Amino acid sequence: MGWFAAQVGDHTVARAHCEAALALHRRHGDAHAEADTLDSLGYIEFHTGNHTPAIEYYRRALSLYRDRGNTFQVADTLDRLGEPHAALGEHDRARTVWREALELYRQQDRAEETDRVQRQLDALDAG
């Protein structure tokens, strides 16, 4: 519910659902669902202008995804992690995570994502 509310811009509702879900996932030891929820909270924080908390949520999600070998979600979260870094003017950090996402997308044959991240890197390098 939280992810979908965030996708339509209802960030207050999204945050409430995600915080409730996070508590449940932790209580039940569902690390994958916890990672998904942390990623959603990162998305919400970024889209409400809270870039530093967004970075922390994304990093926590990445750690859980990596622990489970979920490279598909690692790529997506790295992609999103670059956005708050770029917004904070942390261009080297944005470039680093986007390059890692780009490589994973290439390995996964995800052409649309590969092209988009390459454009993000090109724009960052041009700016």
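The values are calculated or read from the model by the stated rules, or taken from the named source; none is laboratory data. Please read these numbers as outputs of a predicted model, since none were measured by experiment. For neighbour counting, all protein chains shown are included, and Cβ atoms are generated from backbone atoms with ideal geometry for every residue, glycine included.
On inspection, LEU41 does not qualify as more than 25 Å from GLU90 (Cα to Cα) and touching a helix residue (DSSP H, G or I) at 6+ places or on another chain (Cβ under 7 Å). Reported count of residues in segment 61-84, each being surrounded by fewer than 17 Cβ atoms within 10 Å (Cβ to Cβ) and in contact with a Leu (Cβ under 6 Å, 6 or more places away or on another chain), is 1. When residues in segment 20-36 are screened for being of a type in the set (Asp, Glu) and within 16 Å of the chain's Cα centre (by Cα), 2 of them pass. All told, GLY2 meets the bar of being crowded, with 18+ Cβ neighbours inside 10 Å and modelled with pLDDT under 95. Only one residue in ALA33, ALA87, ALA16, ALA21 is among the aliphatic types (A, V, I, L, M) and either crowded, with 19+ Cβ neighbours inside 10 Å or free of Cβ contacts under 8 Å to residues at least 12 places away in the same chain (or both), so which one is that? Of the residues listed, the single one that is among the aliphatic types (A, V, I, L, M) and either crowded, with 19+ Cβ neighbours inside 10 Å or free of Cβ contacts under 8 Å to residues at least 12 places away in the same chain (or both) is ALA21.
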